[in-house]
1. Search the structure for amide H atoms under 5 Å from the amide H of Leu233, placed 1.01 Å from N in the peptide plane, and list their residues when 5 or more places away or on another chain.
2. Per the helix-only calculation at 222 nm, which mean residue ellipticity applies to the chain, given -39500 (n - 2.57) for every DSSP H run of n ≥ 4 and division by its residues, nearest 500 deg cm²/dmol?
3. Separation between the Leu211 and Asp173 pseudo-spin-labels, each 7 Å from Cα along Cα→Cβ, expressed in nm?
4. According to a simple spin-label model (label point 7 Å from Cα along Cα-to-Cβ), what is the distance in nm between Arg111 and Ala166?
5. Name the residue from Leu394, Leu221, Gly141 whose Cα lies farthest towards the positive end of the charge dipole of the chain, charges +1 on Cβ of Lys and Arg and -1 on Cβ of Asp and Glu.
6. Between Asp23 and Glu126, what length comes free when the chain is fully extended (0.36 nm per residue of separation minus the Cα-Cα distance, one decimal in nm)?
7. Would you mind checking which residues have amide H under 5 Å from Thr312's amide H? H placed 1.01 Å from N; only 5 or more apart, or other chain.
8. Return the distance in nm (one decimal) between the two label points of a simple spin-label model at Tyr30 and Glu401, each offset 7 Å from Cα along Cα→Cβ.
Amino acid sequence: MTDKTGAASGMSPVAGLFDPLSDEFVRDPYSRYARIRDAGSLHHHPRLNGWLVSHHADVDAVLRDNSLGRSEQKRFFGNFVPESSVDLASRSWLLGLDPPEHTRIRRHFSRAFTPARVESLRPRVERKVDALLDRFAADGGGDFIAAVAQPLPVALICEMLGVPEADHVTCKDHSTALLPLLDPVISEAALRRAEEACSWFLDYFDRLVGLRREEPGDDLLSALVPTADEGELAHHELVNNIIFLFSAGHETTSSMLGNGLHALITHPDQYAALRADPGLAGNAVSEVLRWDAPVQYFGRRASADVRIGDTTVERGQMVMGLIGAANRDPRRFDAPDDFDIRRRGGQPLSFGGGIHYCLGAVLSRMEGEVAFRRIVELFGDIGLVAEPERSKGLAVRAFTELKIAV
């Protein structure tokens, strides 16, 4: 690729390959990613009015370059309705902030996700996994997404935040309604539903924070309230980022569990390898995250002219890093299209990188490790009983239904 500057000279014929809402792309994005990678790392996408980045080295560099930021990057196509609940809440979400605001808020929320604190949750994770899988086995199987993959991370994040068990399902339903906000495009109906869900969450967590201020417990929310009272976090920053953590804290983990079990079932040699050595469960999680990542892309906006490869991305332009493409880049991974739970060397970019590296990555990995280990310890042969259904959305690659027999 010759030296290029700006959008006009970077117009690429492979942009048509990136149509993430089409049925063909949802079924198989990876063959299209390969064609995009083969044509070069950077391609200007006219509909996004920004750049697609596909090579692992460049995606990794974009993640770590602070001149490619998140502030002012609300959507690829238009903004939220001004002063709506969604607009007001999302303004202080960690996902969309740059330093120094991002540094200040993340510093306080990161206290909840230290390796020691997460490891202390392992017995709770194991008990919940066993209870869900025992019920699943007693039923002879069923929809793994509804029975296990969704309830597990929802229960954990609710318990961490001190949400009463009676409200778990309602919180999960409203959280699911917020997920389309992370997509580049959103329908009017989905935006209205997200607005309703966000309004409900704002009221719910505002009241819950008030209760914890008067009657602290041993949950995460109680630990964060003094931070807000001491002026380190504004009240709205606390409430808004609890909403963000709740949604981000379970949707991606649920998707990873579903994608992972599907990968194991459709690769029986790998399922057999895990049954023979359950100690591979942690490595299996890494391979699932690489091979079929729940998060397939991220967006940034250039705050200054920045060089990516031999191309200059101009200030104000959008950049979309294709995590799904980077995780299967043959320049980084041997035989990248093979699903191999014994794979060594090289972590995927599925949890991001740099200052926006996922806060809950350690917890999500632990949930996956415990779940996959217990599945192979409890079950013999398992198999699909119906063609699984994929969700139509770019923000999270997931199954809406995964029916299996055990």
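1. Ala228
2. Only helices count here, giving -15000 deg cm²/dmol.
3. Placing both labels 7 Å along Cα→Cβ, they lie 1.9 nm apart.
4. 3.0 nm
5. Farthest towards the positive pole: Leu394.
6. 33.4 nm
7. Answer set, sorted by chain and number: Lys4, Thr5, Gly6.
8. Once both label points are built, they end up 2.5 nm from each other.
Any read-out appearing in this document is the output of simple, stated calculations on the displayed coordinates, not a laboratory observation. Please read these numbers as outputs of a predicted model, since none were measured by experiment. Here Cβ is always computed from backbone atoms with ideal geometry, including for glycine, and neighbour counts include all displayed protein chains.
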